[in-house]
Amino acid sequence: MKTIKIVDPVTRIEGHMKIEITVDTVIGQQQIVDARTSGTLFRGFEKILEGRDAQDATVITQRICGVCPISHGMASVMAVENAALYTPPPNARILRNLTLGTNFLQSHILHFYLLAALDFVPGPQTSPWLPVWDFDLKDHPDLAAVASHLPQAIEARRRAHEMGAVFGGRMPSSHTYIPGGFSATPTQERIDLFYSHLNWLIDFIRNIYLADVNTVAEIYPEYLSIGKGCENLLTYGVFDLDDTGATKLLKPGYVESQDGLIKESINDRDITESVTFSWYADSADNLTPAVGDTQPIFPKGDAYSWLKAPRYLDKPFEVGPLARMWVNGDYQRGVSVLDRHASRAQETLKIAKAMADWLGELIEGDPVYETLSGRAIGSGIGLTEAPRGALGHWVDIANGKIQHYQVLTPTCWNASPKDGNNVPGPIEQALIGTPVQDSDRPVEALRIIHSFDPCLSCAVHLLRLDRNPETSAKPVILR
Ligand code: NFE
């Protein structure tokens, strides 16, 4: 018998997400036969930015999300500097990389211990383990050891945030990412403080985080084949290692399931967004973000999400740590729930170790900033990576004011609805075909969704001024 199960909201993610899955029996096996992921809130930052000073975009866009604000700060300064044909001094590049690195570390550790591991690791009958679907949780002493690391993981996240504030000024949302460079300087005292946190964290990642992910993988090996998805992987690349941007710690590229070949570049003109199933005006359909539009239309036909459906070369792509590590040849075991967790943990160590090297490249007294005033500024693109994957900002500037702004977040790629060709997004594809033991408690679906680490805050936002159920889903845009 066909059953439709709606989980709304999906918990232990950032932001607000709804899934609707259809469960049916196929050749004697109960499985998910259709899935719809919905972002249930409207973001509209693009509209908030219009008419504002271009220098302010870095401050405003960091408020899109408290988990990955630094990535938005980075994408924003890159876009504005690209529009000004400007390259920041080496010290600024390194300070930006270091502070962005802290954001990856805190986010990945937070995700595993507080959002995802709880799906696999039984714990005391208290928060954050409750409420829970107490189902398919294996009782094993090694899992109890993982649970016992939770206080240390919280300490690790606190340290990563404090490390981010050393050069970032505060966390979350740094004041020091500014078009033209960076507004903090590298003093020996700050370098030493940063290093003491980093050393502690490298030890935690290497000896506890990586080991705990392996423990979960050993006890739930079936999740090495559950949740494959589209198996197309894409990354814009991140952490410039030189001033040309040509060398990065994690290079850009993509791989398609059809041939498995890694292509080591991304052409921004091949990025488009479908709005067939999104609550936006059809005039925005299949545009690149450079000319994209954010005109909400609600309700609209069969639309079911505030997320648009990003496509590269007209295909859906999974983004995130697995895509980055795959394209860079660091992790290529497979695509599944546990591969996402394992590659995320391995990436955490790779970035942390690189950060230790970057600290040694800072030069006390060298410049960190140059003013952009007086430069001709036009259109720019900032393509970088957030912890959850490929992040892009597109900006058009005239007379110092923003004329047009578009943000395309990682979760928009992963939690995309279907496109105009009826092709489901990566999370939807990962859900479809998954066997489900209990259609009332589809824990398999949650484990798949959590492995992508979705952040609907990044993807959508709403300022809601009225609580009338008839109208509450309609967006009210602040200007
Ligand atoms: Ni709100 Fe974000 C990251 C960005 S996700 S966490 O990482 O950009 O879509």
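So here's what we get for this one:
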| read-out | value |
| --- | --- |
| Distance in nm between pseudo-label sites at GLU50 and ASP8 (7 Å out along the Cβ direction from Cα) | 2.9 nm |
| Amide H contacts under 5 Å for TYR369, placed H, 5+ residues apart | PHE182 |
| Cut-off 13 Å between beta-carbons: net charge of the residues surrounding GLU162, Lys and Arg +1, Asp and Glu -1 | +4 |
| Size descriptor, Kirkwood hydrodynamic radius, that averages inverse alpha-carbon separations across the chain, Å | 22.6 Å |
| Over region 306-460, relative contact order from alpha-carbon pairs under 8 Å, at least 6 apart, % | 28 percent |
| Carbon/sulfur fraction of accessible area - region 330-387, other protein chains in place, 1.4 Å, % | 47 percent |
| Relative contact order (percent, whole number), the chain, Cα cutoff 8 Å, 6+ residue spacing | 26 percent |
| Helix runs (DSSP H) in the chain reaching 15 Å along axis by Cα, Kyte-Doolittle at least 0.0 | 69-83, 90-110 |
| Using distinct alpha-carbon pairs, which all enter the 1/r mean, Kirkwood radius of region 148-273 in Å | 18.5 Å |
| Expected 222 nm ellipticity per residue - DSSP helices of 4 or more, -39500 (n - 2.57), all of the chain, to 500 | -9500 deg cm²/dmol |
| Test item: Cα-centred dipole of region 162-280, Lys/Arg +1 and Asp/Glu -1 on Cβ, debye | 220 debye |
| HN-Hα J in Hz across region 283-299 - Karplus 6.51, -1.76, 1.60, θ = phi - 60°, x for Gly and Pro | 5, 8, 5, 6, 8, 6, x, 4, 10, x, 9, 10, 10, x, 10, 9, x |
| Between region 291-314 and region 318-366, the alpha-carbon center distance in angstrom | 31 Å |
| Relative contact order computed over region 1-126 (Cα-Cα under 8 Å; 6+ residues apart), in percent | 15 percent |
| 3J(HN,Hα) from dihedral phi, region 391-400, Karplus parametrisation 6.51/-1.76/1.60, rounded to Hz, x for glycine, proline | 10, x, 10, 10, 9, 10, 10, 9, 6, x |
| Amide H within-cut-off set for LYS248, under 5 Å, with H built and near neighbours excluded | LEU241 |
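The values are calculated or read from the model by the stated rules, or taken from the named source; none is laboratory data. Quick caveat: nothing in here was measured; it's all calculated off a predicted structure. In this analysis, Cβ positions are derived from the backbone assuming ideal geometry, glycine residues included, and neighbour counts consider all displayed protein chains. These accessible areas exclude ligands, DNA and RNA; they are computed on the full protein's heavy atoms, side chains included. Shrake-Rupley method; radii C 1.70, N 1.55, O 1.52, S 1.80 Å.
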